[in-house]
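K.L.:
Have a look at this one.
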Amino acid sequence: MTESSANKLLNGDACHRTSNGRKPSKKGLVKNHCLFQQPHKYRRPGEKNQYVTHNPKLYKKPFVESFEETPLLVAVLTYMGYGILTIFGYLRDFLRHWNIEKCHVAREREEQKDFVPLYQDFENFYTRNLYMRIRDNWNRPICSVPGAKMDLVERVSPDYNWTFEHTGKVVKDVINMGSYNYLGFAENSGACADAAIEATQKYGAGVGSTRCEIGNLDIHEELEQLVARFLGVESSMAFGMGFATNSMNIPALTGKGCLILSDELNHASLVLGARLSGSTIRVFKHNNMQSLEKLLRDAIIHGQPRTHRPWKKILIVVEGIYSMEGSIVRLPEVIALKKRYKAYLYLDEAHSIGALGPNGRGVVDYFGLDPKDVDIMMGTFTKSFGAAGGYIGGKKELIDYLRHHSHSALYATSMSSPVAQQIITSMKIIMGEDGTTLGADRVRQLSENTTYFRRKLHDMGFIIYGNDDSPVVPMMLYMPAKIGAFGREMLKRNIGTVVVGFPATPIIESRARFCISAAHTREMLDTALEAISNVGDLLQLKYSRRVQQLPSLGWISEESLLQN
């Protein structure tokens, strides 16, 4: 893509040198911060000497995020745990090598030992010696709608999680605290399900062609017009897969001679798309505006390596809600930097669209910003809309360009018609175009559930990460043995949770990740909180040092306190 076409696409100016850069503020650190209370200082605990300059005038309401530092003793014990597991892993590999212990992993055949190896045995060390111990916490088969409650197929392992066998039993009414069902549209009854059934009867389940051939249905055109109106942009384009929306469209927007500035915690789809583009990639610290501004300033001052020519394009890539941290992008500050240094902004709203803002229109709506300030608005339909696929929104020139240059648009099969109809119906409900207040009620209920759940976990003494308004709630577990134990103990209490560890997180920051839904009733949340508190006492997970811990008497609901 040439420099002129790139500039025309995103309606921006060529990058140039500037002398009006801001000076960084004095260093300071704050563990729990609010922009109106601590306007100049921020530190993300766990990362050394990271400071961010804030401009509180850009924010219309308090912006509160919490990242309590890992207790030193817990960090030491966590490293010791991984060290012990590694030692035993090498011991077991030694026993497997001499056939003392049965080996379940893939191996090179003896007659192929002189060939270039297809399988690197050491690369699988973590999987076979650490992950296999707690593998039963993942990939559990579900046999119902993954709504607020779900049914799980019971399974057992006769060989320590290498293989699983189904017992034929079903675990009924497990409270689902792990699905991205933010607005509760993952359901098999109601307006969305009825509309999807009608679409299936009219169009069939599949399309059998790409959009540019004979797979462009009128329902696809209706969907894209609705998405553009929902986002407040000129035009939009829908894709059948959310991951491919990022990985296949970023290479169409940037190329050699372009610079991508990526948040260090961006999703794998964004990372893959940036790498496939052939652009130069530089990573800035998570949500750190001082780090981002330094990279922008250096890029404009020094230009491209060796030649020092100006970059054809500088693209800032961020997410709305970061799915492992529960943090919200500092979008007003990012936009201010983008405007100052004449860069472009790519915003991934996979988790924030539908889940944030008074109207459920994402992080732009949450901060009360103008959608035109975001050059490329990306999001997915897999979370808040209970469907599948993704979208790109922006100026008409941008969308027209992607229709002819995006690999995902040219080579991928069109979105299934019942999926498209599910999105249309749920989006109209959120916008209130169905003639009811159901959408507004769900957005409000999600916000109330999020505030309630986060506050209760904090009061119990758990360390939780992220923004107070984020429906993604990471609760820190730290030690490797507690990852599997927490997931199993919660399932015993009929609560389905997601546990996450290394390498998806830093080695000492294993966590449980709860996703709050508007479909959760207060009774469900109270039941889950009681179970979390009991398991927290059992596994000694209440690490927070912010509040004075009282002797545990079990979790007591507000209603019980009022009665007493």
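K.L.:
Is there any pair linking a residue in region 388-399 that is of a type in the set (Lys, Arg) to one that is open to solvent by 40 Å² or more (accessible area, probe 1.4 Å), with Cβ under 7 Å and at least six apart or on different chains, and which?
P.N.:
Every condition considered, the pairs that remain are 395/11; 395/234; 396/234.
K.L.:
Hey, among the residues in region 191-216 that are more than 25 Å from residue 432 (Cβ to Cβ) and in contact with a Leu (Cβ under 9 Å, 6 or more places away or on another chain), which one's least open to solvent (accessible area, probe 1.4 Å)?
P.N.:
Across region 191-216, the extreme among qualifying residues is 210.
K.L.:
Then there's this: Kindly indicate whether residue 148 is surrounded by 15 or more Cβ atoms within 10 Å (Cβ to Cβ), closer than 30 Å to residue 220 by Cα and over 27 Å from the mean Cα position of the chain (by Cα).
P.N.:
Against the criterion (surrounded by 15 or more Cβ atoms within 10 Å (Cβ to Cβ), closer than 30 Å to residue 220 by Cα and over 27 Å from the mean Cα position of the chain (by Cα)), residue 148 does not qualify.
K.L.:
Right, another one. Report whether or not residue 391 is modelled with pLDDT of 95 or more, assigned by the TED database to the domain that holds residue 319 and over 16 Å from residue 223 (Cβ atoms).
P.N.:
No.
K.L.:
Do you know which residues across region 317-350 are among the β-branched types (Val, Ile, Thr) and part of a helix (DSSP H, G or I)?
P.N.:
Of everything in region 317-350, those that are among the β-branched types (Val, Ile, Thr) and part of a helix (DSSP H, G or I) turn out to be 334, 335.
K.L.:
Given the condition in contact (Cβ under 8 Å) with a residue 60 or more places away in the chain and within 30 Å of residue 499 (Cβ to Cβ), answer yes or no: does some residue in region 305-317 qualify?
P.N.:
yes
K.L.:
Name, by its number, the condition in (1) open to solvent by less than 40 Å² (accessible area, probe 1.4 Å); (2) in a loop (DSSP other than H, G, I, E, B) that does not hold for residue 226.
P.N.:
The single condition residue 226 does not satisfy is (2).
K.L.:
Let me ask something else about it. Any chance you could count how many residues in region 362-418 are open to solvent by 40 Å² or more (accessible area, probe 1.4 Å) and touching a His at 6+ places or on another chain (Cβ under 7 Å)?
P.N.:
Total satisfying the criteria: 0.
K.L.:
Looking only at residues in region 509-538 that are among the acidic types (Asp, Glu) and assigned to a helix (DSSP H, G or I), which one is least open to solvent (accessible area, probe 1.4 Å)?
P.N.:
526
K.L.:
Within the set of pairs 6 or more residues apart or between chains, which connect a residue that is of a type in the set (D, E, K, R) inside region 251-276 to a residue that is surrounded by 23 or more Cβ atoms within 10 Å (Cβ to Cβ) with Cβ atoms less than 8 Å apart?
P.N.:
Pairs found: 256/279; 263/287; 263/317; 263/318; 263/319; 263/322; 263/329.
K.L.:
For region 65-114, which positions are among the hydroxyl-bearing types (Ser, Thr, Tyr), under 30 Å from residue 546 (Cβ atoms) and open to solvent by 50 Å² or more (accessible area, probe 1.4 Å)?
P.N.:
79
K.L.:
Given the criterion open to solvent by less than 10 Å² (accessible area, probe 1.4 Å), of a type in the set (Lys, Arg) and closer than 30 Å to residue 410 by Cα, identify the matching residue among 256, 313.
P.N.:
Sole residue among the options that is open to solvent by less than 10 Å² (accessible area, probe 1.4 Å), of a type in the set (Lys, Arg) and closer than 30 Å to residue 410 by Cα: 313.
K.L.:
For region 203-211, does any single residue satisfy the condition of being out of contact with any Phe, Trp or Tyr (no Cβ under 9 Å at 6 or more places or on another chain), closer than 23 Å to residue 442 by Cβ and of a type in the set (Gly, Ala, Ser)?
P.N.:
The answer is no, given that none of the residues of region 203-211 is out of contact with any Phe, Trp or Tyr (no Cβ under 9 Å at 6 or more places or on another chain), closer than 23 Å to residue 442 by Cβ and of a type in the set (Gly, Ala, Ser).
K.L.:
Looking at this structure, is residue 232 touching a residue at least 12 places away in the same chain (Cβ under 8 Å) and open to solvent by less than 10 Å² (accessible area, probe 1.4 Å)?
P.N.:
no
This table checks each residue for (1) in contact with a Ser or Thr (Cβ under 8 Å, 6 or more places away or on another chain); (2) part of a strand (DSSP E or B); (3) over 28 Å from residue 84 (Cα atoms).
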{"site": "127", "(1), (2), (3)": "no, no, no"}
{"site": "133", "(1), (2), (3)": "no, no, no"}
{"site": "136", "(1), (2), (3)": "yes, no, no"}
{"site": "144", "(1), (2), (3)": "no, no, yes"}
{"site": "152", "(1), (2), (3)": "no, yes, yes"}
{"site": "158", "(1), (2), (3)": "no, no, no"}
{"site": "162", "(1), (2), (3)": "no, no, no"}
{"site": "167", "(1), (2), (3)": "no, yes, yes"}
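K.L.:
In this structure, does residue 462 turn out to be open to solvent by less than 40 Å² (accessible area, probe 1.4 Å) and among the hydrophobic types (A, V, I, L, M, F, W, C)?
P.N.:
The answer is yes for residue 462.
K.L.:
Specify which of the listed residues (394, 390, 435) is closer than 23 Å to residue 516 by Cβ and among the small types (Gly, Ala, Ser).
P.N.:
Just a single option satisfies the conditions, and that option is 390.
K.L.:
Which residue pairs have Cβ atoms under 6 Å apart, sit 6 or more places apart or on different chains, and have a first residue in region 438-452 that is touching a residue at least 12 places away in the same chain (Cβ under 8 Å) and a second that is of a type in the set (A, V, I, L, M)?
P.N.:
Correct list of pairs: 439/429; 439/430; 442/183; 442/518; 445/518; 446/518; 449/516; 450/516.
The values are calculated or read from the model by the stated rules, or taken from the named source; none is laboratory data. No experiment lies behind these values; they were computed from the predicted model shown. All Cβ positions, glycine included, derive from the backbone under ideal geometry; neighbour counts span all protein chains shown. Side chains included, ligands, DNA and RNA excluded: accessible areas come from the protein's heavy atoms. Shrake-Rupley method; radii C 1.70, N 1.55, O 1.52, S 1.80 Å.
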